[in-house]
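Student: Here you go, one structure.
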Amino acid sequence: MANYSEVGFGAKLRKAQDLVHYIGQFDGYNPPRPEESVSGMNDLLNLIIGANAEVVHIQQLYKGANSKRVLVYHDSEMSISKVVTSICGAVEAQFGKDSLELESIRVYVKKMRSIKVPKAPKDPTAGPETKTISRSEQSFGSLIQNFNNIITILGELTGYNPSNTQLTVDSLKTLSQEATNLNDSVAKYITDLKTVKAKHLALYDDLHDRVQRIKAYVKAQYGYSSEQYKMIRGMAV
């Protein structure tokens with residue numbers, strides 16, 4: 001398997017396109033396999049271009065879902081991390097500072113505030129980042145679990161009826177569902193990104209193999225010292 005970096009993919013594609021242009025000008029070019037013919041190579045290059053676009057598309061979806069999730073959990077005015085403070089205030093106002101009702105809520109708020117969420121990596125499929133993404137997803141999962149526990153308690157508190165409609169049980173359930181959906185979306189895009197990147201890499205491996213076969217054929221067909229072979233032998237794809 002060839003070794004590629006993300007930066008190198010575009011350069012290799014450009015070199016492969018140049019190589020296909022060259023072999024298309026060689027008189028008598030007729031390789032033993034159709035895969036190395038000009039039309040066969042162009043078909044592969046079109047698949048690679050499509051795969052490149054697919055990777056970029058999924059990366060953008062992953063990035064967008066992550067950004068929305070940060071807003072819902074932390075950064076927006078009514079994010080989960082901020083709304084739990086308002087919940088404590090509403091419960092204290094209704095049931096008292098030293099009430100068991102408030103204490104039962106504070107237990108889960110404390111747990112939520114103890115959870116440290118690592119910053120999501122730009123590429124969750126990169127080897128060194130797999131542990132980070134695992135910790136990140138576990139942290140978001142723990143946050144929503146504790147938030148749901150708070151909602152359950154509020155739903156069982158007789159007379160809990162805050163004047164702020166954003167703190168009602170129904171509103172909090174809607175916020176929880178939004179956060180859960182974003183967790184699911186991020187997880188899906190990570191899986192999708194792994195799938196499309198594997199397909200992407202397999203195509204480049206196929207390209208690498210075909211280019212080596214083309215070089216071998218051109219050397220045998222036109223000679224080691226031929227102008228044809230000199231044009232392509234140094235092209236690393």
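The values are calculated or read from the model by the stated rules, or taken from the named source; none is laboratory data. Keep in mind it's a predicted model, so treat the numbers as computed, not measured. Ideal geometry is used to build each Cβ from the backbone, glycine not excepted, and the neighbour counts take in all protein chains shown. Quick note on the areas: whole protein, heavy atoms, side chains included, nothing else; ligands and nucleic acids left out. Shrake-Rupley method; radii C 1.70, N 1.55, O 1.52, S 1.80 Å.
Student: Considering only the stretch 68-118, how many residues are farther than 18 Å from THR180 by Cα, assigned to a helix (DSSP H, G or I), polar (S, T, N, Q) and open to solvent by 40 Å² or more (accessible area, probe 1.4 Å)?
Tutor: Residues flagged as farther than 18 Å from THR180 by Cα, assigned to a helix (DSSP H, G or I), polar (S, T, N, Q) and open to solvent by 40 Å² or more (accessible area, probe 1.4 Å) within the stretch 68-118 amount to 3.
Student: Do we find a residue being modelled with pLDDT of 95 or more, under 30 Å from GLN228 (Cα atoms) and surrounded by fewer than 17 Cβ atoms within 10 Å (Cβ to Cβ) anywhere in the stretch 52-61?
Tutor: So far as the stretch 52-61 goes, no, none of its residues is modelled with pLDDT of 95 or more, under 30 Å from GLN228 (Cα atoms) and surrounded by fewer than 17 Cβ atoms within 10 Å (Cβ to Cβ).
Student: When only residues in the stretch 190-218 that are among the β-branched types (Val, Ile, Thr), under 28 Å from the mean Cα position of the chain (by Cα) and open to solvent by less than 30 Å² (accessible area, probe 1.4 Å) count, which is nearest to GLU36 (Cα to Cα)? Steps first, answer last, please.
Tutor: The first filter runs over the stretch 190-218 and keeps only residues among the β-branched types (Val, Ile, Thr), leaving 190-191, 195-196, 211, 214, 218.
After this cut, where a residue has to be under 28 Å from the mean Cα position of the chain (by Cα) as well, the list is 190-191, 195-196.
Narrowing the set further to residues that are open to solvent by less than 30 Å² (accessible area, probe 1.4 Å) leaves 190, 196.
Numbers: ILE190: 34, VAL196: 24 Å.
In this case the residue turns out to be VAL196.
Student: Also, quick follow-up: Answer yes or no as to whether THR195 is within 30 Å of GLY10 (Cα to Cα) and outside any loop (DSSP other than H, G, I, E, B). Can you show your working first?
Tutor: On the way: within 30 Å of GLY10 (Cα to Cα): yes; outside any loop (DSSP other than H, G, I, E, B): yes.
So THR195 fits the description; yes.
Student: Within the stretch 101-116, count every residue that is in contact (Cβ under 8 Å) with a residue 24 or more places away in the chain and aliphatic (A, V, I, L, M).
Tutor: Looking only at that region, the number is 4.
Student: Turning to a different aspect of this structure: Restricting the search to the stretch 127-145, which residues are buried (at least 18 other Cβ atoms within 10 Å of the Cβ) and either of a type outside the set (Asp, Glu) or modelled with pLDDT under 65 (or both)? I'd like the intermediate steps shown before the answer.
Tutor: Filtering the stretch 127-145 down to residues buried (at least 18 other Cβ atoms within 10 Å of the Cβ) leaves 133, 136-137, 140, 143-144.
Across the stretch 127-145, the qualifying residues are ILE133, SER136, PHE140, LEU143, ILE144.
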